[in-house]
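Data first, discussion second: the structure below is written as structure tokens.
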2 protein chains.
Amino acid sequence: MSLDRILNPQSVAIVGASKNPTKRGYQAIKTLLEEGYEGKIYPVNPKEKSILNLPCYPKVSAIPEPVDLALIVTPAKVIPSILDDCGKKGVAGAVIIAAGFKESGEEGKRLEAEVVEAAKRNNVRIIGPNTSGIMNLTIGLNLVGIKNAPKGEIAFLSQSGNLALELIVEASIKSNKGFSYYIGLGNQADIKFHEYLKYLKTDPKTKGIVMYVEGLKDGRKFLQEAYKTTLVKPIVLLKSGRTETGKKSVGSHTGSLAGMSEVAFTAFRRAGIVVVEDSDKLFPSIETLSYLPPVKNNKVAILADGGGHATIAADILTEAGIEIPELSERTQQLLREILPKNASVRNPVDVAGGTDERPELFADCAKIILKDPNIGGLLLVGLFGGYAIRFAEILRFQEEDAAHQMGKMVKKYKKPIVCHSLYAFMKPHSLELLRYYNIPVYDSLEVACECMKNLCFYGKYLKSYHREVSFVLNYRKKAVLEGEEIIQNALKEGRKWLLEPEAKRLISLHRVPVPKEIVAKTPEEAIKFAKSIGKKVALKIVSPDIIHKSDAGGVKLNLEGEDEIRKAFNEIIENAKNYKKDADIRGILVTPMVEKDLEVIVGTKIDDQFGPIIMFGLGGIFVELIKDVSFRVLPISRSAAKEMINEIKSAKLLNGFRGGKKYDKNAIIRLLLSVSEIIEAYPEIKEMDLNPVIVHENGKGVDVVDARIRIDYSGE
Amino acid sequence: MSLDRILNPQSVAIVGASKNPTKRGYQAIKTLLEEGYEGKIYPVNPKEKSILNLPCYPKVSAIPEPVDLALIVTPAKVIPSILDDCGKKGVAGAVIIAAGFKESGEEGKRLEAEVVEAAKRNNVRIIGPNTSGIMNLTIGLNLVGIKNAPKGEIAFLSQSGNLALELIVEASIKSNKGFSYYIGLGNQADIKFHEYLKYLKTDPKTKGIVMYVEGLKDGRKFLQEAYKTTLVKPIVLLKSGRTETGKKSVGSHTGSLAGMSEVAFTAFRRAGIVVVEDSDKLFPSIETLSYLPPVKNNKVAILADGGGHATIAADILTEAGIEIPELSERTQQLLREILPKNASVRNPVDVAGGTDERPELFADCAKIILKDPNIGGLLLVGLFGGYAIRFAEILRFQEEDAAHQMGKMVKKYKKPIVCHSLYAFMKPHSLELLRYYNIPVYDSLEVACECMKNLCFYGKYLKSYHREVSFVLNYRKKAVLEGEEIIQNALKEGRKWLLEPEAKRLISLHRVPVPKEIVAKTPEEAIKFAKSIGKKVALKIVSPDIIHKSDAGGVKLNLEGEDEIRKAFNEIIENAKNYKKDADIRGILVTPMVEKDLEVIVGTKIDDQFGPIIMFGLGGIFVELIKDVSFRVLPISRSAAKEMINEIKSAKLLNGFRGGKKYDKNAIIRLLLSVSEIIEAYPEIKEMDLNPVIVHENGKGVDVVDARIRIDYSGE
């Protein structure tokens, strides 16, 4: 069901309406009247005849006309019965303001479940509970009570009412843009982030979406919607609850399950979402992305009228991985022709006083720079807008002329200009003009840099879009019959773990290279097999009762010759029986010793918020000591597999470090893709651990030495 | 010489004074008059009789009264002759505005040298050149031309005029504090950062110092002055030129040598300087540190009226290493008594609507929290100051009452409160009151968190002050006669490197453990020695002509028995002669093979800005692959040595990682301290490389297997 009736309602019932001006049930009606809500307003209160000159109804079902949305401002306990009444009336959705639900402990949790149950049986969708409300400023629907929110084309989803206030203030004083919707998600008991996203994706009144997220209820669906949305409009996200203290704080006020999981950041970026870390940067980022063309080549020029700002901006952008390339010789020549002798023209460009009496020069410089085909965007930093204030009043006309010119340039060259100005706070006309042309102006250099950085990220993302994956898991699509049987067989036996030979067989069905090995029932079988392969072997117990084989004395390595193998075989059997008297022993795995070489680890698990994820890292100290690992939400594409390998710090070791071996990266990529395929094929797999995987020289592949797979009924 | 006559001048000559209102030589005089400069103003221009009603003089030496300071606004070329004239008059200092010096290339460099030369011979100190000017707002001395700079007690040293403008704007609109001095350092051709610091340290009009630094000319003296200054007043520093692009940008506009060196950040912190990375945070940081007591125990409470802000603040502070401890049971109980049922009282404290009708509760909560002995400071975040605006006008009196109470609490409990308010931009009276009590108020949550973070850092620093070192090198103090001889002997021979046995002998004089070894002239000597120690040995060529011994085939390892040793000995001699026909061979070093174990590296070099520095890291891939090293400016204290070891990522390996060995950290500490002592003792040492150093099990010490020392005449 679309959320259209809920977010664009033609009528609203205020349940818990009041005549008392200090009550929300009064303020809500007053705000709707003052803001000129275009639809109908129905106060509901059994004790009143009329409120603010509107007829009042005893209950929702008593309203004679259709009702799209109910704002419920009553205490928590009576809400289920109100929802029953709403259901009778065919109300599409209810905004529940009350707190005291999941976020407040066990009793609240029960009550929340009751409310969700009532909503379901009445076919009423819930916003909240514990929400600050919603606004649709395009029709004057303001159920939050924050006044003077600027109207515009940015939709705002938030789990904090204070953040809403903050962004509204910021938009009002530092921008000429505003909001189409504000939606306070509250506890997300029913409607979740991804459903709002889906609605906003095609909403013609919304150009960009900004969100403050404390916890996601269904991270994978969120990623799927975001992935589709960012192709048509930008999303900027501030995620809190990164640290343990932050997570605790989240838990205590929105009842969200979790904070930032290890994979969230990468996953968001892969879905094209711009992630910011400071609330200061939230509104500027979405403003910039919604109204300016992105930077297509990650290359930016800085135009400054003072070295300090140029240097700081260059530092910030460079640290963010953005190139500040030297301008072409021709571009430099053109700049030299119009700037003073001591100007810097390489990039950053410093006009060195050249604009003090001629601020129109900024437009000339901007034009020369944007025409340079190697430059994808321009950051203007310093005093622009303040020349009339700082130097001579008459310069304002030149500044205004320059603003007009630069404004049009953005359109003409399809390259963004972002402006930092020390004089933004004084709101000179030239800066208002820049904003009119959608060039944002910030008084903070860091904010301006962040915006440019985000334009670069988004441009890069849109270019590489085809390489990404859609976060959809095609369960069973590539399953192999024998693989299904291995898993079903184990589940039937009540096992949570595949036996090592089963796990290895399963992955080999998906082209993962495992050693040629057998399960021997007798020492003789083991000896015979060892002879046949002509290598030292390892023996490992095969028993559903022994998960930690080494701890049980169930592993012997580096065995050679009849005697050694027989002795080891018998010892293992004995150890196993000592470990567990009636252990179900299926035999002993005889597997060739793989030559020592670089070890890597590949693992998967089910993340609370995002479902199946994959981890890669170099074995031993790299994983354990310095946590040098990379994560992705599954499934992954070839390019994501490549990135996973290259983004770990120790990746250089694979490339022939210090004249050492070059290792077979392609084989690792194939392995990661196979693992991705396996997890998609068998939703019963909850955890996989390939450790160690030996990587050989380039062209010689990998060997999975040990494989552990945990399974459970799929619950697809 | 004190800078007092220069920074507190009783008279100023304006050289290059003008009647043309668009010229600096006019504006400077006008500004001095308008700002009510308390001293005398002497325009200097041979073509005018009077300017702005002040008598004009043909040259400085023609002024009848004494002149303390000259502001020179003429073009660059005539400046040396002006300085000669200033010298005649006994002028103490000259502010040189003109650009076109070192920053602009070879010709400018020559001109700058000429200016410095002229200044020296005339005993005139130079501020600049290429400076935006100076201000001493305590006496109305404004030689910059920025109007309406707020007066106060913060001194500002900057290498960027635009940054000055930015800070002045920020102070004006977001604070009630202001500046005592502004000093534009320009090219620092003469007076450098550390001299201004020295002056400001004892200046009674200055409570705190803030600086924007692009490059230091004498980093060690700077550290020494800063170290002494931060004990009495705080210093906040923004350092730019961190990245390659940033460094280039610096070079092109202030002619500074270098950007941020690897050690700068740690060195600044050891000197007690608060380093910030965003210009947005520069003024708030110094404001906070100058007027509030620091946090003594790194433990902070957050008081919020909304979960979102509390969570974000908790994340930021936790990531910065600050503790947000759970409040004591008693404190929680007291809070529960006054807050609504669904409030969070653990920390962060969320009043959960409890203040909506009673904002005075903030003061009650603050008092309860600050009385908790485990809490060192309070961060107040959210809407405070805006209750009268958002809820009901009448609440303003409660807010004002709360402000008075909180203001006095800071004094009483000697614990800081920092306030974030969404309503700061509206300047409600309650927030003005907080500022009156020196509680800063910011509209940016990130800025408020940064300030709290800096209060924690400064508190910690002041507590640990006795552990720090003063950055003073006591050259030769602990030199040993034999060590001096080794170095002098090598220098006499024209060598830049000590021979390995010399280097090892030298360090052993300072208690660095090196293997017992000899230099053998014949195979027989080598064999005899090897027998006597009963271990496998390594042979290494000893020749001043062969620095890279391995490349020349001059090293053989793992030798045992007569035949092997003799063969290796002869081969090395032969290889050496092949490498260089007439190589000066002093013999062959015979040294026992040290058992393999954990390898570390200790190195020293001379940093451009700070002089001798020391580096520590784990050997092999850790240093080379992931650059896991720590640096300190020398000399180091015991605690600094300890920190150096603990701050590398791979430090866990030393502590018995995964049930492995515990290594002898104390021996590493002793080694680092010995190296520190050696570098102090012999200023001729320009570089030292102990690599590898084998670390043994706890209690068993270290072995320096190879030592390289580069020397040169000291130039002390």
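The values are calculated or read from the model by the stated rules, or taken from the named source; none is laboratory data. Owing to the predicted nature of the structure, the values given are computational and were not obtained by experimental measurement. Glycine also receives a Cβ, built like all others from the backbone with ideal geometry; neighbour counts cover every protein chain displayed.
Laid out as a table, the results:
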quantity: Residue check for A:I375: among the β-branched types (V, I, T) and modelled with pLDDT under 95; calculated: no
quantity: Filter result (more than 9 Å from chain B (Cβ to nearest Cβ) and closer than 16 Å to A:S285 by Cα) within the range A:173-186; calculated: A:K174, A:S175, A:N176, A:K177, A:G178, A:F179
quantity: Single residue of B:N136, B:N148 found to be of a type in the set (S, T, N, Q), under 23 Å from B:T22 (Cα atoms) and more than 10 Å from every other protein chain (Cβ to nearest Cβ); calculated: B:N148
quantity: Candidate set from the range A:411-429 (those that are farther than 19 Å from B:L165 by Cα and buried (at least 23 other Cβ atoms within 10 Å of the Cβ)); member that is nearest to the other protein chains (Cβ to nearest Cβ); calculated: A:V418
quantity: Cβ-Cβ under 8 Å pairs, at least 6 apart or on other chains, the range A:7-32 side in the same structural domain as A:G87 (by TED's automatic domain parsing) and without any contact (Cβ under 8 Å) to a residue 60 or more places away in the chain, far side assigned to a helix (DSSP H, G or I) and β-branched (V, I, T); calculated: A:I14/A:I29; A:A17/A:I29
quantity: Flag if B:S160 is surrounded by fewer than 24 Cβ atoms within 10 Å (Cβ to Cβ), in contact (Cβ under 8 Å) with a residue 40 or more places away in the chain, within 14 Å of another protein chain (Cβ to nearest Cβ) and of a type in the set (G, A, S); calculated: no
quantity: Filter pass, B:A707 being assigned by TED's automatic domain parsing to the domain that holds B:V629 and touching a Lys or Arg at 6+ places or on another chain (Cβ under 7 Å); calculated: yes
quantity: Qualifying positions in the range B:368-410 - part of a helix (DSSP H, G or I), within 14 Å of chain A (Cβ to nearest Cβ) and buried (at least 24 other Cβ atoms within 10 Å of the Cβ); calculated: B:Y387
quantity: Residue match in the range B:618-633 (condition: more than 13 Å from chain A (Cβ to nearest Cβ) and out of contact with any strand residue (DSSP E or B) (no Cβ under 6 Å at 6 or more places or on another chain)); calculated: no
quantity: Positions within the range B:121-134 being on the phi < 0 side of the Ramachandran plot and in contact with a Leu (Cβ under 6 Å, 6 or more places away or on another chain), in sequence order; calculated: B:N122, B:V124, B:I134
quantity: Criterion violated by B:E677 - all others in (1) in a helix (DSSP H, G or I); (2) under 28 Å from the mean Cα position of the chain (by Cα); (3) surrounded by fewer than 20 Cβ atoms within 10 Å (Cβ to Cβ) satisfied; calculated: (3)
quantity: Single residue of A:A313, A:A320 found to be within 11 Å of chain B (Cβ to nearest Cβ), surrounded by fewer than 24 Cβ atoms within 10 Å (Cβ to Cβ), touching a residue at least 40 places away in the same chain (Cβ under 8 Å) and closer than 30 Å to A:Y212 by Cβ; calculated: A:A320
quantity: Any chance A:N347 is at the interface with chain B (Cβ under 9 Å from one of its Cβ atoms), touching a Gly at 6+ places or on another chain (Cβ under 8 Å) and part of a loop (DSSP other than H, G, I, E, B); calculated: no
quantity: Verdict on B:L69 being touching a residue at least 60 places away in the same chain (Cβ under 8 Å) and surrounded by 21 or more Cβ atoms within 10 Å (Cβ to Cβ); calculated: yes
quantity: Any hit, the range B:133-140, residues being surrounded by fewer than 23 Cβ atoms within 10 Å (Cβ to Cβ) and touching a strand residue (DSSP E or B) at 6+ places or on another chain (Cβ under 8 Å); calculated: yes
quantity: Selection from the range B:4-25 of residues that are at pLDDT 95 or above, surrounded by fewer than 20 Cβ atoms within 10 Å (Cβ to Cβ) and closer than 20 Å to B:G184 by Cβ; calculated: B:D4, B:R5
quantity: Residue in the range B:442-459 that is part of a loop (DSSP other than H, G, I, E, B) and either assigned by TED's automatic domain parsing to the domain that holds B:A310 or at positive phi (or both) present; calculated: yes
quantity: Matching residues in the range A:351-367 - criterion: being in a loop (DSSP other than H, G, I, E, B) and either more than 14 Å from chain B (Cβ to nearest Cβ) or among the β-branched types (V, I, T) (or both); calculated: A:V351, A:T355, A:P359, A:E360
quantity: B:G208, sole failed condition from (1) more than 14 Å from every other protein chain (Cβ to nearest Cβ); (2) more than 19 Å from B:L7 (Cβ to Cβ); calculated: (2)
quantity: The range A:637-657 residues that are over 25 Å from A:I678 (Cβ atoms), paired with ones that are assigned to a loop (DSSP other than H, G, I, E, B) and of a type in the set (V, I, T) (beta carbon under 6 Å, 6 or more apart); calculated: A:K649/B:I626
quantity: Scan of the range B:578-593 for residues that are under 29 Å from B:K686 (Cα atoms) and either assigned to a helix (DSSP H, G or I) or modelled with pLDDT under 90 (or both), ordered by number; calculated: B:Y579
quantity: Hits in the range B:570-593 (condition: within 26 Å of B:I621 (Cβ to Cβ) and surrounded by 19 or more Cβ atoms within 10 Å (Cβ to Cβ)); calculated: B:T591
quantity: Set A:I487, A:I439: member being in contact with a Gly (Cβ under 7 Å, 6 or more places away or on another chain) and either under 27 Å from A:I316 (Cα atoms) or away from chain B (no Cβ under 14 Å) (or both); calculated: A:I439
quantity: Candidates A:G215, A:G208, A:G152 - the one that is touching a residue at least 40 places away in the same chain (Cβ under 8 Å), of a type outside the set (D, E, K, R) and within 29 Å of A:A448 (Cβ to Cβ); calculated: A:G208
